[in-house]
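The structure appears below as structure tokens.
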Amino acid sequence: MSSKPGPISLTKGNEAIAKGALAAGLHCYFAYPITPQSDIPEYLSKHLVERGGEFIQAESEIASVNMLLGAAACGKRAMTSSSSPGIALKQEGISYMAGSELPAVIVNISRGGPGLGSIDPSQGDYYQATRGGGHGDYRTLVLAPSTCQEAYDLTIRAFELAFYHRNPVVILGDAILGQMKEPLKEWEYQPNTEREAADWALSGAKDRPSRLIKSLYLADEALAGHNERLQAKHERMRQDLDWEEYATEDSEVLVVAFGSVGRIAKSSVRKLRSQGYRVGLLRPITLFPFPEERIRELAWSNRLITIENNTGQMVDDVRLAARNVADSAFFGVSPGRLPSPEDFLQPILEVWEQEEARK
Amino acid sequence: MSGQPQADERVAFALPRTMTGASLHFCPGCHHGIIHRLVGECLEKNNLGESTICVGSVGCSVFIYNYIDVDAVEAPHGRAPAVATGVKRARPDRFVFGYQGDGDLAAIGFSEIMHCANRGENVTIVFVNNTVFGMTGGQMAPTTLVGQRTTTSPGGRNMNTDGAPLNMSELIASLEGTAFSARVAVNSIKNIKQGKKALQKAYRAQSGEQGFSFIEFLSACPTNWKMDPLQANEHVGQTLVQRFPLGVFKDIVE
Amino acid sequence: MALYTDVIIAGFGGQGVLLVGNMLAYSAMQEGLQVTYMPVYGVEMRGGTANCTVVISEEEIGSPLVMYPHSLIIMNQPSLEKFRPRLKEGGVQIVNTSIVPQSLLDGDQARSVPVPANDLANELGNPKMANMVVLGAWVEATGILSLERVKQGLPQVLGKSDERIIQANHRAMQAGADRVREYA
């Protein structure tokens, strides 16, 4: 891998993901249109094809994720993208790819639910993304960018992780990330795609025994062994933990928030800091694996509050991380309502006051 | 199964090198074994063994990769044409075929097969139609004949509530992306030879990048039809062909 | 204190408010500043306004969404009704008084800059350039960016280099800026 800086442009989050995928050596992209992520297929329908890659607007979300499975089985860098209801439909293929240990990148620019919901920003897919989402006992790596630059960088990272672990990787954003424009600094990167799948990908059984990619294990004990191998892999994913911390050196109240809400909460934390409150922020960048050890460490010296644009999902993981040390308060902005930094001030201050009262 | 002939035996014909020689798990009188063999023979004849990627499906033929010795990937139920699309787009230089039953292809996978054909994906789909869901225990399929009793149509398939059987070869022949669509059977030596010819044609369609190729095999399912193998074989030739006529429905292969 | 400002630009769909936002964001980026541009989303699209939010800062930007903006560009009356109550104390609003009755600004404690944007654009020969007029007015009224910088960015943001179009739009921006100077 080598990198050098490229041009700077004012770029929408969705396009930053598409550009990141191209920089990462995207070869095949399959998708079905849905708001608020359609900029991704629109961009790739032009630019991926110009680079000689394969683009298909599939007949359905289900078809697109199964095309992804086929391309992944051939060891190619492949991606699909959608938004919440579409991602729900893709779970079939995601489970099969996890079971078949295939690398692929799945982008969810999520929207409000349940059902048809709305096209507003929402973090209501946290459970779905971090618990596997489909049937069976598996996990996907989940990356949650909060800026357009991070969307680009993490898309490149997603492909590396997918091939390293031979596992689907989910990029979980929302309508804020997808629609927002920010300056984007592209960088060139030369992935070594020639050899990364050479020892397992399907290519025709020439001068070697035939290969089989499958998730069916009917023999006695075979599935148990397979599940245990997958579980060991989920453990290995911990080496790729990533999170951002802000002002935690002396904080007494820790805000935990991810994605767009993470950066909005950072505004609130800055404001409170400027007023003298010792408040800090932890923004998980990998949602699975989850930075539970660090949260547990900070729970010894901080009162916790988790803020999400949903009715309470990641807070479960924060509470699990801090169990037997501390609880976490929760403040949720319901999907369908736009979060703003002012909304978070009062809930954070309430936790602050509880902490003061305890002292 | 031993590959070597005994003292009093002579080799009449050898197993194609594209097949593993593993004993088939199919029920007595099932036609999957013959169809597997034809697929293997045609792969060998066209020297495709080292450049083929097989897409398996869900149903009685789920273990095709145990019998045909090529690179293979397993598709979710009904999705083989979508998976084959992804494989072919990733490796356009490889021969890609899918193998699906009627429950898989014509019910849960109807959308995938129609759109794969309509895009003119340069892949070959082998479709085995025995008019029932075999592996799950003989339930009604989209191809079940009107009046046919199955475990979910105990009074026989009812046109008014279940609709009529789907004729997939004719439907697929009507799409512009299709280069070749034919229905064959393996209930007689003559039909087996016709079937092999059709397979050869389909393989040629793909090798010549002429578009989507489709071969429907009418197949016996003695177990779920509650017949003995001979009765089931006759049922194909006498009854199934009435509703599902054999023939080539589209052929633009040069 | 590090430079920070934000603006909500609101009007009817078709009045070109998103283009104004893009122009500001692009110019700020060229100036080497941090910037976010956020178009209206979802529920906010109802109620007769299309809008976008631009945040400009010398430091890393947290929220790209702003509940209480430092400034407003108001292109129609529904936008005034929706956003005026959220304008920060001491904030400035550019109001298109070709469409919004001047009387609605009377007695308003905020610093309101009335700009008859459609009339000025009409005088320049193209009513569609009303958005460029208010853009010029905002730049002049806030002083965050130079008008030259914003003018320079037009071909890149429009994706057009037709000199006649660029010049006409530059004149519209200048007319907006001049209006503010006269008004002050």
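The values are calculated or read from the model by the stated rules, or taken from the named source; none is laboratory data. This one's a predicted model, so the numbers in the text were calculated from it and none came from an experiment. Quick reminder, even Gly has a Cβ in these numbers, built from the backbone with ideal geometry, and neighbours come from all protein chains shown. Note: accessible area is taken over every heavy atom of the protein model, side chains too, but ligands, DNA and RNA are not part of it. Shrake-Rupley method; radii C 1.70, N 1.55, O 1.52, S 1.80 Å.
Can you give the angle from 0 to 90° between the axis of helix A:341-358 and the longest principal axis of chain A, with both taken from C-alpha atoms, to the nearest 10?
Roughly 60 degrees, rounded to the nearest 10.
Averaging sequence separations of C-alpha pairs under 8 Å and six or more residues apart, then dividing by the length of chain B, give the relative contact order as a whole percent. Intermediate values should be presented prior to the final figure.
Details: 523 pairs, mean separation 46.9, N = 254.
With pairs under 8 Å counted, the relative contact order is 18 percent.
Quick check: from the Cα gyration tensor, does chain B come out rounded (a/c under 1.5), prolate or oblate? List each step's numbers first, then the result.
Values: a/c = 1.61, a/b = 1.10, b/c = 1.46.
Since a/c reaches 1.5 but b/c is at least a/b, the shape of chain B is classed as oblate.
How far apart, in nm, are the 7 Å Cα→Cβ label points at residue A:218 and residue C:163?
Result for the modelled spin labels: 7.7 nm.
Once label points are set 7 Å from the Cα along Cα→Cβ at both residue C:60 and residue C:89, what is their separation, rounded to one decimal in nm?
3.1
Assuming R0 = 30 Å, can you tell me the calculated FRET efficiency for the pair residue A:188 and residue A:241, based on Cβ-Cβ distance, to the nearest 0.05?
Values: r = 27 Å, r/R0 = 0.89.
According to the calculation, E is roughly 0.65.
Please quote Rg/Rh for the stretch C:77-184 to two decimal places, taking the Kirkwood radius as Rh and restricting both calculations to Cα atoms. Write out the running numbers ahead of the final one.
On the way: Rg = 14.2 Å, Rh = 14.3 Å.
My calculation of the ratio gives 0.99.
Rank these residues by their accessible area, most exposed first, probe 1.4 Å: A:46, A:266.
Details: A:46 110, A:266 15 Å².
From most accessible down to least: A:46, A:266.
Which percent, to the nearest 5, of DSSP beta bridges fully inside the stretch A:3-239 are antiparallel? Before the final figure, lay out the partial values.
Values: 8 of 28 bridges.
Here the antiparallel bridges make up roughly 30 percent for the stretch A:3-239.
Separation between the residue C:12 and residue A:198 pseudo-spin-labels, each 7 Å from Cα along Cα→Cβ, expressed in nm?
6.5
Can you give the accessible area buried between chains A and C, summed over both chains, with a 1.4 Å probe, in Å² to the nearest 100? Show your work: numbers first, answer last.
Working: alone 15600 and 8910 Å², together 22430 Å².
Buried surface at the A/C interface: approximately 2100 Å².
Taking beta carbons within 10 Å but only from partner chains, what does the mean come to for residues A:196-205?
Details: counts 0, 0, 0, 0, 0, 3, 13, 8, 12, 10.
Mean shielding by partner chains, rounded to a whole number: 5.
Shape verdict for the protein assembly as shown, please, from the Cα gyration tensor: rounded (a/c under 1.5), prolate (a/b greater than b/c) or oblate.
Details: a/c = 2.57, a/b = 1.97, b/c = 1.30.
Judged from the Cα gyration tensor, the protein assembly as shown comes out prolate (a/c at least 1.5, a/b above b/c).
Under the rule a/c < 1.5 gives rounded, and otherwise a/b versus b/c splits prolate from oblate, where does the stretch A:105-165 land using the Cα gyration tensor? Mind dumping the intermediate values first?
Values: a/c = 2.93, a/b = 1.21, b/c = 2.42.
Judged from the Cα gyration tensor, the stretch A:105-165 comes out oblate (a/c at least 1.5, b/c at or above a/b).
At a 1.4 Å probe radius, which order do A:271, A:90, B:197 fall into by accessible area, largest first?
On the way: A:271 95, A:90 0, B:197 135 Å².
The ordering from most to least exposed comes out as B:197, A:271, A:90.
Filter the GluC sites (Glu not before Pro) in the stretch C:65-158 to those in DSSP coil with at most 13 other Cβ atoms within 10 Å of their Cβ, and list the result. Display every interim value, and only then the final one.
On the way: sites: C:81, C:89, C:123, C:140, C:148; in loops: C:89.
Qualifying residues, ordered by number: C:89.
Excluding residue C:54 itself, calculate the net charge of residues whose Cβ lies under 10 Å from the Cβ of residue C:54, where each Lys or Arg counts +1 and each Asp or Glu counts -1.
Numbers: positive: A:181; negative: C:6.
So the surrounding residues net to 0.
Relative to the longest principal Cα axis of chain A, at what angle does helix A:259-274 sit, 0 to 90 degrees, rounded to 10?
Taking the Cα atoms of chain A, the angle to A:259-274 is about 20 degrees.
Can you give the accessible area per residue of the protein assembly as shown, in Å², using a 1.4 Å probe?
On the way: 31490 Å² over 797 residues.
About 40 Å² of surface per residue is accessible.
Karplus couplings for the stretch A:86-94 from phi (6.51 cos²θ - 1.76 cosθ + 1.60, θ = phi - 60°), rounded to Hz, Gly and Pro as x?
Calculated HN-Hα couplings, in order: x, 5, 4, 5, 6, 4, 3, x, 5 Hz.
For the stretch A:48-151, take the convex hull of the Cα atoms, compute a quarter of its surface area, and give me that in nm², please.
Numbers: hull surface 29.2 nm².
For the stretch A:48-151, the mean projected area of the Cα convex hull comes to 7.3 nm².
Quick one: order B:226, B:201 from most to least accessible surface, probe 1.4 Å.
Values: B:226 160, B:201 50 Å².
Sorted by accessible area, descending: B:226, B:201.
Rounded to the nearest 100 Å², what is the buried accessible area between B and A, both sides summed, probe 1.4 Å?
Numbers: alone 11680 and 15600 Å², together 24670 Å².
By this definition, chains B and A bury close to 2600 Å².
Within the stretch B:32-251, what percent of beta bridges assigned by DSSP are antiparallel, to the nearest 5?
20
Could you please report the charge total around residue B:40, scoring K, R as +1 and D, E as -1 over all other residues with beta-carbon less than 15 angstrom from its beta-carbon? Mind dumping the intermediate values first?
Numbers: positive: B:17, B:37, B:45, B:196; negative: B:41, B:44, B:50, B:69, B:71.
Cβ neighbours under 15 Å give a net charge of -1.
Which pairs, out of A:19/B:88; B:45/B:197; A:76/B:88; B:197/B:250, put more than 18 Å between their alpha-carbon atoms? All intermediate terms of the calculation are to be shown ahead of the outcome.
Working: A:19/B:88 24 Å; B:45/B:197 12 Å; A:76/B:88 11 Å; B:197/B:250 14 Å.
Among A:19/B:88; B:45/B:197; A:76/B:88; B:197/B:250, the Cα-Cα distance tops 18 Å for A:19/B:88.
Taking each residue of A:53-63 in turn, how many C-beta atoms of other protein chains fall within 10 Å of its C-beta, and what is the average?
5
Can you show me the helix-derived [θ] at 222 nm for chain C, built from DSSP H runs with n ≥ 4 at -39,500 (n - 2.57) apiece and divided by the number of residues, rounded to the nearest 500. Please list the in-between numbers first.
Details: 6 runs with 74 residues, N = 184.
Helices in chain C give a 222 nm mean residue ellipticity of -12500 deg cm²/dmol.
Can you list the residues, at least 5 places off or on another chain, whose amide H is less than 5 Å from the amide H of residue B:128, using H built in the peptide plane?
B:100, B:101, B:102, B:217
Can you bin every Cα-Cα distance in chain A into 20 Å intervals starting at zero and give me the percent of pairs per bin, rounded to whole numbers?
P(r) over chain A, rounded to whole percents: 30, 56, 14, 0.
Would you tell me the accessible area of residue C:26, worked out with a 1.4 angstrom probe on the heavy atoms of the protein chains, in Å² to the nearest 10?
Residue C:26 exposes around 40 Å² with every protein chain in place.
Restricting to Cα pairs below 8 Å that are 6+ residues apart, what does the relative contact order work out to for the stretch B:158-227? Please round to a whole percent. Could the numbers behind the result be given before it?
On the way: 76 pairs, mean separation 24.5, N = 70.
Across the stretch B:158-227, relative contact order equals 35 percent.
How crowded by other chains is C:22-29, given as the mean number of beta carbons from other chains within 10 Å of each beta carbon? All intermediate terms of the calculation are to be shown ahead of the outcome.
Working: counts 2, 0, 0, 5, 4, 1, 2, 7.
Other-chain Cβ atoms within 10 Å of each residue's Cβ, averaged: 3.
If you take every DSSP beta bridge whose two residues both sit in chain C, what share of them, in percent to the nearest 5, is antiparallel? Mind dumping the intermediate values first?
On the way: 14 of 27 bridges.
In chain C, approximately 50 percent of DSSP beta bridges are antiparallel ones.
Just from its helices, what would the mean residue ellipticity at 222 nm be for chain A, if runs of 4 or more DSSP H residues each count -39500 (n - 2.57) and the sum is divided by every residue, rounded to the nearest 500 deg cm²/dmol? Please report the intermediate quantities before stating the final value.
Working: 12 runs with 145 residues, N = 359.
Rounded to the nearest 500, the figure is -12500 deg cm²/dmol.
Through the Karplus equation 6.51 cos²θ - 1.76 cosθ + 1.60, θ set to phi - 60°, convert the phi angles of the stretch B:139-154 into ³J(HN,Hα) values in whole Hz; use x for Gly and Pro.
Each residue's phi maps through the Karplus curve to give 7, 5, 10, x, 9, 4, 6, 4, x, 6, 7, 9, 5, 10, 9, x Hz.
In the stretch A:160-192, which residues become less accessible by 20 Å² or more once every protein chain is in place, relative to the chain on its own, using a 1.4 Å probe?
Relative to the lone chain, where solvent access is computed with a 1.4 Å probe, the stretch A:160-192 loses at least 20 Å² at A:176, A:179, A:180, A:181, A:183.
Just how far, in whole angstrom, is the stretch A:81-155 from the stretch B:1-60 if you go by their alpha carbon centroids?
Rounded to whole Å, the Cα centres lie 41 Å apart.
Which chymotrypsin sites (Phe, Trp or Tyr not before Pro) in the stretch A:1-95 pass both tests, a DSSP loop state and at most 11 other beta-carbon atoms within 10 Å?
The qualifying sites: there are none.
Let's test the formula: R0 of 56 Å, r as the Cβ-Cβ distance of residue B:13 and residue A:46. What FRET efficiency results, to the nearest 0.05? Let's see the in-between values first.
Working: r = 54 Å, r/R0 = 0.96.
Here the calculated transfer efficiency is 0.55.
At a 1.4 Å probe, what is the % contribution of carbon and sulfur to the accessible area of chain B? Please list the in-between numbers first.
Numbers: 5470 of 10360 Å².
Carbon with sulfur: 53 percent of the solvent-accessible area.
Can you list the GluC sites (Glu not before Pro) in the stretch B:105-213 that are in a DSSP coil and have 16 or fewer other beta carbons within 10 angstrom? Write out the running numbers ahead of the final one.
On the way: sites: B:112, B:121, B:170, B:176, B:209; in loops: B:121, B:176, B:209.
Sparse-neighbourhood loop GluC sites (Glu not before Pro): B:176, B:209.
Through the Karplus equation 6.51 cos²θ - 1.76 cosθ + 1.60, θ set to phi - 60°, convert the phi angles of the stretch A:327-333 into ³J(HN,Hα) values in whole Hz; use x for Gly and Pro.
9, 10, 6, 9, 10, x, 9
As a test of the formula, what do you get for chain B when each DSSP H run with n ≥ 4 contributes -39,500 (n - 2.57) and the sum is divided by the residue count, at 222 nm and rounded to the nearest 500 deg cm²/dmol?
Working: 9 runs with 78 residues, N = 254.
When only DSSP H runs of four or more count, the value is -8500 deg cm²/dmol.
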